[in-house]
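Asker: One structure follows; several queries about it will come next.
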Amino acid sequence: MLKTEVWNVLVVNRDEIMKPLTKVEEFLERFDNFKDSEFRSLEIKSPTSMSITLATQDKNRDFDWITITLDFIDVSDALLVDGNKLQHIDLSDGVSILKNQNKFYFGVGDCSSVESIKTSTLFIESLNLKFKEGSF
């Protein structure tokens with residue numbers, strides 16, 4: 001009698017895995033604070049969950065262009081722009097991400113404090129921040 005086994009294999013694309021953002025400074029350094037990057041999209045999933053996708057150069061990949069999606073979870077405050085105006089936001093100074101008192105603060109431009117982030121063109125305040133890498 002011939003014995004056969006059936007195996008199910010799940011192939012996971014590494015680009016699809018959301019990773020918690022734990023080392024903010026290293027992350028920003030890797031992407032040069034997203035200077036001269038481009039906004040690709042802003043998606044509001046719910047009143048407390050949204051994501052932003054940016055096209056940027058990756059220092060770890062010999063400065064190849066990739067996309068980074070930032071997933072903001074448990075959003076408590078935000079100032080957003082219409083999706084059709086997103087592409088017109090100047091990212092020559094990049095973006096800022098600060099972690100202060102267990103909250104993440106994302107803002108456009110070179111911001112050194114929570115107060116300066118909250119006065120930027122676009123900002124998001126959340127309890128959790130995850131990211132994933134994708135193809136350009």
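All of the numbers you see were taken from the coordinates with simple rules; none came from a lab. Predicted model only: the values in this text are computed from it and were never measured.
Asker: Which of the lysines could be linked to Lys45 by a straight reach, that is with a Cα gap under 28 Å, when you skip same-chain ones fewer than 8 residues away?
Answerer: Lys19, Lys23, Lys35, Lys85, Lys99, Lys103, Lys118, Lys130, Lys132
Asker: In addition: Just subtract the alpha-carbon distance of Met18 and Phe63 from 0.36 nm times their residue separation and send over the number in nm, one decimal.
Answerer: The span from Met18 to Phe63 would gain 14.1 nm if fully extended.
Asker: In a Gaussian network model over the chain where Cα atoms closer than 10 Å are linked, find which of Asp90, Asp58, Asp82 has the largest mean-square fluctuation.
Answerer: Per the Cα network of the chain with a 10 Å cutoff, Asp82 tops the list.
Asker: Here is a follow-up. Relative to the present Cα-Cα distance, how much length would full extension add between Asp90 and Lys35 at 0.36 nm per residue of separation?
Answerer: Roughly 18.9 nm would be gained on extension.
Asker: Now for a different question. Test of understanding: what is the full-extension gain from Lys99 to Ser112, defined as 0.36 nm times their sequence separation minus their Cα-Cα distance?
Answerer: 3.6 nm
Asker: Quote the relative contact order of the chain in percent (integer), defining contacts as alpha-carbon pairs under 8 Å separated by 6+ residues.
Answerer: Computed over the chain, the figure is 28 percent.
Asker: Only helical DSSP H runs with n ≥ 4 go in: add -39500 (n - 2.57) per run for the chain, normalise by residue count and round the 222 nm mean residue ellipticity to 500 deg cm²/dmol.
Answerer: That comes out to -1500 deg cm²/dmol.
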